[in-house]
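Taking it in order: structure first as structure tokens, then the write-up.
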Amino acid sequence: MAYFLIILPPSILFGYSFVIGDANPGVSYLYCSPYLKPSELTSIMTIVIPLLYLVPCWITTFCYFEVGRRANKNLNIMKQDAINNNNQILLKSIKLQKRKLIIQLIMVFILFNVDFMLAYIGWILRFAIGFKRTPIFDACAFEAIISSFMVNPIITITFQPELNYELNLIIVKSRARLAKFIYSLISTRN
């Protein structure tokens, strides 16, 4: 039931454009874009549609940064304990964890904000000055958004230690299988 409540608003929003015949392929022909004909509805939708992407991305970014802030707070407490106990091994581990956390947060920002910026800028310029996207701009914006969706699960895994361990295990096993496969190919040729 919750799934239908989530998909209902976008389905109505984008489905309505097909019903009224106001949906055409984008200039790159990679996707179909709604609300392209000049009208008052198009002006409103040009503002609403980017917000459908912006707001969830901002909320997701905020949530990840909040998790990162709390993790950093815990690392600072652990660092102080390590300094008090003169534990150099733990200090190195904490430094490594902080570096990893910073990289994760940078990736989150890029994933949920920078990747969508071309699309946002295109939509805003279309509303503000009637900008028409070139095919290359349109294709780059579309691919940036798709790459964001592709990388999202990896970012999610890196924030969960148990899943991160499982992912590392899968990667190590895959490398071993690939090495064994390549070795068997080479040895059968000789």
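The values are calculated or read from the model by the stated rules, or taken from the named source; none is laboratory data. What you see is a predicted model, and the numbers here were worked out from it, not measured in a lab. Quick reminder, even Gly has a Cβ in these numbers, built from the backbone with ideal geometry, and neighbours come from all protein chains shown.
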Q.
Just to verify a result, which residue in region 87-134, among those that are out of contact with any helix residue (DSSP H, G or I) (no Cβ under 7 Å at 6 or more places or on another chain) and outside any helix (DSSP H, G or I), is surrounded by the fewest Cβ atoms within 10 Å (Cβ to Cβ)?
A. GLY130
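Answer yes or no: is there a residue in region 135-153 that is outside any helix (DSSP H, G or I) and touching a Leu at 6+ places or on another chain (Cβ under 9 Å). Walk me through how you get there before you give the answer.
First pass over region 135-153, keeping only residues outside any helix (DSSP H, G or I): none.
Scanning region 135-153 turns up no residue that is outside any helix (DSSP H, G or I) and touching a Leu at 6+ places or on another chain (Cβ under 9 Å).
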(Q) Would you confirm whether or not region 129-144 contains a residue that is under 23 Å from the mean Cα position of the chain (by Cα), of a type in the set (D, E, K, R), within 30 Å of LEU75 (Cα to Cα) and in the same structural domain as PHE65 (by TED's automatic domain parsing)? (A) no
Q: Kindly list the number of the only condition in (1) surrounded by fewer than 14 Cβ atoms within 10 Å (Cβ to Cβ); (2) in contact with a Phe, Trp or Tyr (Cβ under 8 Å, 6 or more places away or on another chain) that fails for PRO153.
A: (2)
Q. Is at least one residue of region 154-171 assigned by TED's automatic domain parsing to the domain that holds LEU54, closer than 19 Å to TYR31 by Cα and in a helix (DSSP H, G or I)?
A. no
Q | Options GLU143, GLU162: the member that is closer than 24 Å to LEU101 by Cα and among the charged types (D, E, K, R) | A | GLU162
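What residue, of ILE103, ILE94, ILE47, ILE59, is over 26 Å from the mean Cα position of the chain (by Cα) and of a type outside the set (Gly, Ala, Ser)?
Being over 26 Å from the mean Cα position of the chain (by Cα) and of a type outside the set (Gly, Ala, Ser) holds for just one of ILE103, ILE94, ILE47, ILE59, which is ILE94.
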Q: Working only within region 13-71, note down all residues that are in contact with an Asp or Glu (Cβ under 6 Å, 6 or more places away or on another chain) and of a type in the set (Ser, Thr, Tyr).
A: SER28, TYR35
Q: Would you mind stating whether LEU178 is over 30 Å from CYS63 (Cα atoms) and surrounded by 10 or more Cβ atoms within 10 Å (Cβ to Cβ)?
A: yes
